[in-house]
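Structure, as C-alpha cells:
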DNA sequence: CAAATAAGTCAGTATTGCTGACACAATAAC
DNA sequence: GTTATTGTGTCAGCAATACTGACTTATTTG
C-alpha cells in the first residue's frame, strides 16, 4: 500500500473553524435587529419564524409549518396562538380537508413581517453587494450542503418557490 | 434629475430570501448534532460556545469571553461555573493582573470539545468538498459582511488566529 | 364502522437569555 | 495614599423557547 499524499490537517481544521465561527457571528448579528423589534412588540424569535414562513407560504397548514420549523406542535401552538389572537395571522378552514387550518398573514401581519424583513434585507443586500455574485453563489452552495441531506429536498422546494 | 435604471426588486427579494432561508436551515441542522451530544451530558448550546471559545483561545479571561459571546456576565457565569465545577474548564489567576481568571480546557474538556467539534467538522468538510474552494471563499466573504461592521475587527482577529 | 390524521390542549420541565443590585479584591488615577 | 475604576462573582427574579407525555375533538380514509 503506497503512501497517500499528506493532507494538511492543521490547515483543514483552520478552514473548518473559520466557517464555524463566521456562521456563529453572522447568525448572531443577523438575528439581532429583528429580535429588538420583536421584543418591543412583546414577541420573540419564534414568532418571527412563524410570521416569516406563513408570509412566504400563504395557505400553509399547521403541519406544513411544523415540518419546516421542525419543532413540536406544543411549541408552535403557543406562538401561533398569540399571533392569531393579536390579529397578525388568520386561519381558514381547508376546502378540500376541513380538518386543516389554512394560515395566512393579515394586513397587520404583512406590515409587521415587512418591517422585520427589511432589517435583514438591508444587511444581506449589503453583504451580497460587497461580496459580489460569484461569492453569493458560493455562499448558497456551501450553506445548502451544510443542511442535512435528508432535508435538502424540502429546503430546495422552499427556496425555489 | 434623470431616471435611474430600474433595479429588479422582485428578483432581488428572491435572492435575499434564499439567503435568509438557507442561513436558517443550515444553522438549524448545524447545531443539531452537538446539541444531542450536549443533552446527554446535561449541557446545552451555551456550554458548547464556552467550550469552543475557551478551547480556541486558551488563557482568555471572563471578560474576553463576554466580548466574544456578547451575553451578560450573569448568563455566562451559570454555564462557565458548571463547566468549571464538572472539571471541563480550569482557571488560573492572571500573572500580570491578579484579578483576572485565565481560562483553559482540562484534558477532559479537550476531549469533550473534540467530540462536539468532530460532528461539525464532518458536516462542514463535506460541504466544502462538494462546493469547492471558490464557493468556500464566497461563503466566508458573504458571512463576514453579514456580521455587524463594528464587530468585524473582532471577528477577523478571531478567525485569523 | 374502525383507524388514521390534523389540530388543539393541559401540565410539567429545562435551557438560556435578561435586569437589577450588591460584594470584593486588585489596579489605576489623582 | 486615598479614591475611582475594573475584573470577577453572586443572589434573586423574570421571560422566551424548546421539550416530553397524555389526552381530546373533528374529519377523512380504508
> Of all residues in region A:86-114, which are closer than 26 Å to residue B:18 by Cβ and over 16 Å from the mean Cα position of the chain (by Cα)?
Replying inline: A:88, A:89, A:102, A:103, A:104, A:105, A:106, A:107, A:109, A:110, A:111, A:112
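Against the condition touching a helix residue (DSSP H, G or I) at 6+ places or on another chain (Cβ under 6 Å) and near DNA strand C (Cβ under 9 Å from one of its atoms), how does residue A:103 come out, does it pass?
Considered against the rule, which asks whether it is touching a helix residue (DSSP H, G or I) at 6+ places or on another chain (Cβ under 6 Å) and near DNA strand C (Cβ under 9 Å from one of its atoms), residue A:103 comes out as yes.
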> Filter region A:122-158 for residues that are more than 7 Å from chain B (Cβ to nearest Cβ) and under 13 Å from residue B:127 (Cβ atoms); which is surrounded by the fewest Cβ atoms within 10 Å (Cβ to Cβ)?
Replying inline: A:149
> So, of the residues in region A:29-43 that are touching a helix residue (DSSP H, G or I) at 6+ places or on another chain (Cβ under 7 Å) and facing chain B (nearest Cβ under 9 Å), which turns out to be nearest to DNA strand D (Cβ to nearest atom)?
Replying inline: A:30
> Here are some residues: B:26, B:46. Which one is more than 23 Å from residue B:139 (Cα to Cα), within 14 Å of chain A (Cβ to nearest Cβ) and crowded, with 17+ Cβ neighbours inside 10 Å?
Replying inline: B:46
> Of the residues that make up region B:109-116, is at least one away from DNA strand D (no atom under 15 Å from the Cβ), in contact with a helix residue (DSSP H, G or I) (Cβ under 6 Å, 6 or more places away or on another chain), facing chain A (nearest Cβ under 8 Å) and in contact (Cβ under 8 Å) with a residue 24 or more places away in the chain?
Replying inline: no
> So which of A:67, A:63, A:75 is surrounded by fewer than 17 Cβ atoms within 10 Å (Cβ to Cβ), under 25 Å from residue B:13 (Cα atoms) and under 18 Å from the mean Cα position of the chain (by Cα)?
Replying inline: A:67
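Laboratory data are not the source of any read-out in this text; all were calculated from the coordinates shown. Remember, it's a predicted structure, so these values are computed and weren't measured experimentally. FYI the Cβ positions are ideal-geometry reconstructions off the backbone, even for glycines, and counts take in every protein chain you see.
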